[in-house]
1. Each residue of region 12-18 in order: what ³J(HN,Hα) in whole Hz does its phi give by Karplus 6.51 cos²θ - 1.76 cosθ + 1.60, θ = phi - 60°, with x for Gly and Pro?
2. 5 Å is the cut-off here: which amide hydrogens, built 1.01 Å from N in the peptide plane, fall below it relative to VAL37, excluding neighbours closer than 5 in sequence?
3. I want to check the label-to-label distance for ASN63 and LEU95. Put each point 7 Å from Cα in the C-beta direction and report it in nm to one decimal.
4. Starting at the first residue of region 87-100, write each ³J(HN,Hα) from the Karplus equation 6.51 cos²θ - 1.76 cosθ + 1.60 with θ = phi - 60°, in whole Hz, x for Gly and Pro.
5. Using a 7 Å offset from the Cα along the Cα-to-Cβ direction at both ILE14 and ILE86, what is the distance between the two label points in nm, to one decimal?
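Just so it is clear, none of the values below were taken in a lab; they were calculated from the coordinates. A quick note: this is a predicted structure, and the numbers were derived from the prediction, not measured. A quick note on method: Cβ atoms are made from the backbone with ideal geometry, for glycine too, and the neighbour counts reach across all protein chains shown.
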Amino acid sequence: WVLHNWSDDDCIKILKNCKKAISGKGKGGKVIIIDVVINENQDEHEMTEVKLLLDVVMMTSLNGKERNEKEWKQLFLQAGFKSYKIFPAFGFRSLIELYP
C-alpha cells in the first residue's frame, strides 16, 4: 500500500524497477500491489466516498493520489507491463497482480 503515496511519474519509475527485478527471474514472475482502486460504478456509495476522501488526503499531504482502473492501467502500460488483474479483496483496498 505504497504507490498511492507517489506521483504518476514516480510510480512509473518504481514499477519499471519492479519489472526489471522480476524479468531476470525467468517465467512466472509477477508484481503484487495492494492499493486503492476507485470504482464508482461497482462500489457502494459509502465505499466510493471513503476512497475519494483518501484521495484528497493523498493529494494534499504527499503529492500522491488514489486511482481508478483506467489510471492504473496507464501506469502499468507505461512501465512496460503487458497485463494485470485486480481483485477487490481488503475492504477499500484491492490486490493487483502485474505480469511482464
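1. 4, 4, 4, 5, 4, 5, 5
2. Here SER94 satisfy the definition.
3. 3.3 nm
4. Per-residue couplings from phi come out as 10, x, 9, 10, x, 8, 9, 10, 9, 10, 10, 10, 10, x Hz.
5. Calculated label separation equals 1.7 nm.
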